[in-house]
Amino acid sequence: MSTIERGVSPSLPAAFEALEMFLEEWGDLETEDERYQLRRRKSLEDLKLFYDAVTPRLEDVFRHLDQFEYGPLPRAEQGLFRLALGLAEVAQAVEVIGHPSVPTTSAQHTIQISRPRSLK
Amino acid sequence: MNGFTRIPESRWLRSRDLKLEESSVPASFYTSQEQFELEREQVFRRAWLSVARVEELPNAGDFVNLDILTLKAKLILVRGDDGEVRGFHNSCAHRGVMVVQKEKGNAAQFRCPYHAWVYGTDGKLRTIPGADMFPDVKCGHDGLPPVHTGIWNGFIFVNFAKEPEESLEEFLGEAGVLFSDLPFEDYNHELRLPQPLATNWKHISNAFTEGYHLGFLHKNSLPFVFDRENPLTDYPTVRFMGRHSANITGANSKWQPTKPVMRFALETGFAADAELEPAGKKLMDHPAINPDRIDPIMEEAINIFPNTQIQVLHNGYLWYQYWPSGPNEMLWDVRLFLDRAPHSFRTEFAEASYVAAIRDVMAEDSSMGELQQQGLISGGLERVKYGENEFMLRHFAQTLTNYIEGKV
């Protein structure tokens, strides 16, 4: 039984409904550091749930996004893309480090990344 | 021990081959305030230091406002109407106020907010309200205190000595000649990752001049480097050029990406981009880089004494500057230059994966630097050991000490 009203709560394009449970946490994050900090706050088990759900859909996600010109996306597609960008962080934890983040870093570890001469 | 050091086929280079016999330094080399002050006054205030790229100042009047942490210097770099890049202390000739507050921009002139003294982009005073109050100050002559500035292959260097002991060309020597036309200017998509760290700057410098830790600390984060046949990840090529040097990190020819997201990112991003026309001349293909054409390699790092490392990568370059502000604090200023900005959602995803990956590698290194410093401050370890395979650390410690003592 769902009380979620479409158009008000976050939603994903058709065929990606199964990933909607991750939108609330990952859908609004705009920067690498925000995604990195969320990744660090979560347990590896939680990150694995996300990884196992999104990874098999990665090619589908980009085949869907390929239909859009590179630039601002409609809200649903933007949410989908942000899940993929979240996976870029989560995969580091699950595939590479084996911990939410490098275990020897301090709790405050952060790197503010800027793009001073980006062509974007 | 200058020049090109070819590794004999049967074994790797060792400290003894280079007659670098000093196998340890006192812990105080990394922890003492006295050592830091020597470095600040006898190295950072004497040597040429890389601080900016010419692409940051393309037009007359373009300026950048830099904080040179080690010297607490507030530096303005500005391109004048004559096309010259000049450096100045950001300090009004009147009573010292920082004249320029903006981080960067374009200006026809600089006006002090306090008493409206006005300077040209050549740093010279143009007007003083009530100039007859200052009969000894001459417009067109006096101005912002100058800092010596030089350009090498697009890198803007500064020298804070009153009179530099050497020109920039002399300071760079053979390394400056060898790498003078590497096409850095073709890489203009910049990502900046500045990292303030609670460690001694030399630990971070050291980490990028020994391969020994790569197969251990970065076993998982740099899986394409570790090679069973090179278990201590010795550098296949090392070059010494006076106080400067270069080191190649090899790669494992048998490595294939097996993890799904990493593989997807590589295939959808870099492999796809490799099919496109290159955005410029390739740094990695330049004859001065990897002269033995060792294949595959991860990178060749160029170490410019005292605090610069430029790593030539397949897709761009990394430019590290190490700025100590005390024995236990530093800024690791990391600038990554890639040949193109993301141009699709796929390449943006690939860049996000790449940035996450290098951030984690750097987090491993920086955390070791911080733990190392805490361990040394603890006070039990009297000497820090440099192995037969850590000859670049021996070379750097010796070069630094000699430079402090005025011997190089």
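Kindly indicate which of B:SER245, B:SER253 is touching a helix residue (DSSP H, G or I) at 6+ places or on another chain (Cβ under 9 Å) and among the polar types (S, T, N, Q).
B:SER245
As an exercise: evaluate A:LEU49 against (1) of a type in the set (A, V, I, L, M); (2) surrounded by fewer than 17 Cβ atoms within 10 Å (Cβ to Cβ); (3) within 11 Å of chain B (Cβ to nearest Cβ) and give the number of the one condition it does not meet.
(3)
Check region A:30-46 and report whether any residue there is within 12 Å of chain B (Cβ to nearest Cβ), of a type in the set (Val, Ile, Thr) and under 30 Å from B:ASN188 (Cβ atoms).
The answer is yes, given that some residue of region A:30-46 is within 12 Å of chain B (Cβ to nearest Cβ), of a type in the set (Val, Ile, Thr) and under 30 Å from B:ASN188 (Cβ atoms).
From the set of residues in region B:162-178 that are in a loop (DSSP other than H, G, I, E, B) and acidic (Asp, Glu), which is surrounded by the most Cβ atoms within 10 Å (Cβ to Cβ)?
Going residue by residue through region B:162-178, those that are in a loop (DSSP other than H, G, I, E, B) are B:162-167.
In the following step, the residues that additionally are acidic (Asp, Glu) were identified as B:163, B:165-166.
Details: B:GLU163: 6, B:GLU165: 11, B:GLU166: 14.
My answer is B:GLU166.
What's the total number of residues in region A:66-93 that are over 14 Å from the mean Cα position of the chain (by Cα) and either more than 9 Å from chain B (Cβ to nearest Cβ) or in contact (Cβ under 8 Å) with a residue 40 or more places away in the chain (or both)?
6
Of the residues that sit in region A:52-65 and are surrounded by fewer than 17 Cβ atoms within 10 Å (Cβ to Cβ) and within 9 Å of chain B (Cβ to nearest Cβ), which one is farthest from B:ALA352 (Cα to Cα)?
A:PRO56
For region B:201-228, give me the residue count where each residue is part of a loop (DSSP other than H, G, I, E, B) and among the small types (Gly, Ala, Ser).
Within region B:201-228, residues that are part of a loop (DSSP other than H, G, I, E, B) and among the small types (Gly, Ala, Ser) number 3.
Counting just the residues of region B:231-263 that are without any contact (Cβ under 8 Å) to a residue 24 or more places away in the chain and either touching a Ser or Thr at 6+ places or on another chain (Cβ under 8 Å) or part of a helix (DSSP H, G or I) (or both), which one comes out farthest from the other protein chains (Cβ to nearest Cβ)?
B:THR233
Could you give me the residue pairs with C-beta distances under 6 Å whose first residue belongs to region B:381-408 and is without any contact (Cβ under 8 Å) to a residue 12 or more places away in the chain, whose second residue is crowded, with 16+ Cβ neighbours inside 10 Å wherever it lies, and which are 6+ apart or on separate chains?
none
What number of residues within region B:80-114 are of a type in the set (Val, Ile, Thr) and over 18 Å from B:PRO145 (Cα atoms)?
Going through region B:80-114 one residue at a time, the tally reaches 0.
Considering (1) of a type in the set (Gly, Ala, Ser); (2) modelled with pLDDT of 95 or more; (3) touching a helix residue (DSSP H, G or I) at 6+ places or on another chain (Cβ under 9 Å), say which one A:ALA107 fails and leave the rest.
(2)
In this structure, is B:ALA356 among the small types (Gly, Ala, Ser) and within 19 Å of the chain's Cα centre (by Cα)?
no
Collect the residues in region B:77-123 that are assigned to a strand (DSSP E or B), closer than 18 Å to B:LYS138 by Cα and basic (Lys, Arg), keeping them in residue-number order. First the steps, then the outcome.
Of region B:77-123, the ones assigned to a strand (DSSP E or B) are B:77-79, B:85-89, B:104-106, B:109-111, B:118-120.
From the residues that got through so far, the ones that are closer than 18 Å to B:LYS138 by Cα too are B:88, B:109-111, B:118-120.
Across region B:77-123, the qualifying residue is only B:ARG111.
Among the residues of region A:94-110 satisfying the criterion of being crowded, with 19+ Cβ neighbours inside 10 Å and in contact with a Leu (Cβ under 8 Å, 6 or more places away or on another chain), which is nearest to the other protein chains (Cβ to nearest Cβ)?
So the residue we want is A:VAL94.
Within region B:327-351, track down each residue that is of a type in the set (Gly, Ala, Ser) and buried (at least 22 other Cβ atoms within 10 Å of the Cβ).
Within region B:327-351, just B:ALA350 meets the criteria.
Has region B:75-94 got at least one residue that is buried (at least 18 other Cβ atoms within 10 Å of the Cβ) and within 14 Å of another protein chain (Cβ to nearest Cβ)?
Within region B:75-94, none of the residues are buried (at least 18 other Cβ atoms within 10 Å of the Cβ) and within 14 Å of another protein chain (Cβ to nearest Cβ).
May I ask you to verify whether B:ASP273 is more than 25 Å from B:LEU400 (Cα to Cα) and not in a strand (DSSP E or B)?
Answer is yes for this residue.
Could you look through region B:253-285, keep only residues that are more than 14 Å from A:GLU59 (Cα to Cα) and of a type in the set (Lys, Arg), and pick out the one that is surrounded by the fewest Cβ atoms within 10 Å (Cβ to Cβ)?
B:LYS254
The values are calculated or read from the model by the stated rules, or taken from the named source; none is laboratory data. From a predicted model like this one, the values you see are computed outputs, not experimental measurements. Cβ atoms come from the backbone with ideal geometry, glycine included; neighbour counts cover every protein chain shown.
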